[in-house]
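Chemist: Starting off with a structure, shown below.
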């Protein structure tokens, strides 16, 4: 059984969850970190050099890998390749991106319960590590309860945990997450449930747990500019209060991220994305983001932050 450090998990953020960011979030108290969603075909293509293809630190514990695809046998093969490197195998049934759904993967699989049943049953039997899934509520408002049937199938197949992003595929990341769906999911299954959607503060995290009964909360976009949110949540759960970072500490944690990024093959373009997010809410943040958009290398980027303090 996987032991989690806390009730707040880092969501599998596509284009964001590089190994340096995941390690920082793990050290700051994320109970579980996820890779960004990874193609089963990519894993099979890089099977002879998988540690280079999917980088991680041994200090990032516990860690989950999120897979996407639709081919059953290839999903199983990919999971067998990566399971020794991760504590949990997570399968994506929630990504709304057209480039994923057009492959009949991600949230598109919500419409194919029989296929999902075969896939999850074989996946659970093939690996020794726990298998979890992440789902959307449905395709649109007319099908917003597709998650209930998928959850029942998942539980019967031996899946260990379910995360629900309480929006539909059509919503994408817009509109408000419907936490009532998380509550209904929790009441319909006996396995742990992770609530996801609109958790932006420690107060939100506590409110979601109280209102829905979910076991854990998954934090996505709010963590990009503030990976410290995991420590904030943990402190709030325990003591009812937490430290609010000033701009200098935000920058200090960004430089810590840069130190970790040296250990891995993190692209400069991805580092710039993190820098942009880190300036949100800072004094003069809009101007800083304009400057960051123009920099050509890491030294230029560092100078922007060094001159502030």
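The values are calculated or read from the model by the stated rules, or taken from the named source; none is laboratory data. This structure is a prediction, so every number in the text was calculated from the model and none was measured. Please note: Cβ atoms are built from the backbone with ideal geometry, for glycine as well, and neighbour counts cover all protein chains shown.
Chemist: I'm trying to understand the selection: among the residues of segment 251-273, which are within 23 Å of residue 5 (Cβ to Cβ) and within 21 Å of the chain's Cα centre (by Cα)?
Modeler: Answer for segment 251-273, where residues must be within 23 Å of residue 5 (Cβ to Cβ) and within 21 Å of the chain's Cα centre (by Cα): 253, 254, 256, 257, 260, 261, 264.
Chemist: So which helices (runs of 4 or more DSSP H) are wholly in segment 35-128 and hold at least 3 residues that are crowded, with 22+ Cβ neighbours inside 10 Å and in contact with a strand residue (DSSP E or B) (Cβ under 8 Å, 6 or more places away or on another chain)?
Modeler: Fully inside segment 35-128 and qualifying: 72-82, 113-126.
Chemist: Quick check on residue 15: is it within 12 Å of the chain's Cα centre (by Cα), under 22 Å from residue 223 (Cβ atoms) and surrounded by fewer than 17 Cβ atoms within 10 Å (Cβ to Cβ)?
Modeler: yes
Chemist: Of the numbered conditions (1) part of a loop (DSSP other than H, G, I, E, B); (2) touching a helix residue (DSSP H, G or I) at 6+ places or on another chain (Cβ under 8 Å), residue 296 fails exactly one; give the number of that condition.
Modeler: Every listed condition holds for residue 296 apart from (2).
Chemist: If you don't mind, another one. I'm trying to understand the selection: among the residues of segment 1-34, which are assigned to a helix (DSSP H, G or I) and either more than 21 Å from residue 257 (Cβ to Cβ) or touching a residue at least 40 places away in the same chain (Cβ under 8 Å) (or both)?
Modeler: Scanning segment 1-34 gives 19, 20, 21, 22, 23, 24, 25.
Chemist: Given the conditions (1) touching a helix residue (DSSP H, G or I) at 6+ places or on another chain (Cβ under 6 Å); (2) over 24 Å from residue 55 (Cα atoms); (3) in the same structural domain as residue 51 (by TED's automatic domain parsing), and given that residue 229 satisfies all but one, which numbered condition is not satisfied?
Modeler: (2)
So that you can scan it fast, the table gives a plain yes or no per residue for (1) outside any helix (DSSP H, G or I); (2) buried (at least 17 other Cβ atoms within 10 Å of the Cβ); (3) at pLDDT below 95; (4) out of contact with any strand residue (DSSP E or B) (no Cβ under 7 Å at 6 or more places or on another chain):
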position: 235; (1), (2), (3), (4): no, no, no, yes
position: 238; (1), (2), (3), (4): no, no, no, yes
position: 257; (1), (2), (3), (4): no, yes, no, yes
position: 281; (1), (2), (3), (4): yes, no, yes, yes
position: 290; (1), (2), (3), (4): no, no, no, yes
position: 302; (1), (2), (3), (4): no, no, no, yes
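Chemist: Within segment 158-169, can one find any residue that is in a helix (DSSP H, G or I), in contact with a strand residue (DSSP E or B) (Cβ under 6 Å, 6 or more places away or on another chain), at pLDDT 95 or above and over 23 Å from residue 223 (Cβ atoms)?
Modeler: no
Chemist: Consider residue 97 carefully, then state whether it is touching a residue at least 40 places away in the same chain (Cβ under 8 Å), touching a helix residue (DSSP H, G or I) at 6+ places or on another chain (Cβ under 6 Å) and assigned by TED's automatic domain parsing to the domain that holds residue 129.
Modeler: no
Chemist: Look at residue 250 and say whether it is part of a helix (DSSP H, G or I), modelled with pLDDT under 95 and within 29 Å of residue 165 (Cβ to Cβ).
Modeler: When the stated conditions are applied, residue 250 passes them.
Chemist: Find the residue count for segment 149-160, including only residues that are in contact (Cβ under 8 Å) with a residue 40 or more places away in the chain and either buried (at least 23 other Cβ atoms within 10 Å of the Cβ) or under 17 Å from residue 66 (Cβ atoms) (or both).
Modeler: 2
Chemist: For residue 138, only one of the following conditions fails: (1) in contact (Cβ under 8 Å) with a residue 60 or more places away in the chain; (2) farther than 21 Å from residue 83 by Cβ. What is its number?
Modeler: Condition not satisfied by residue 138: (1).
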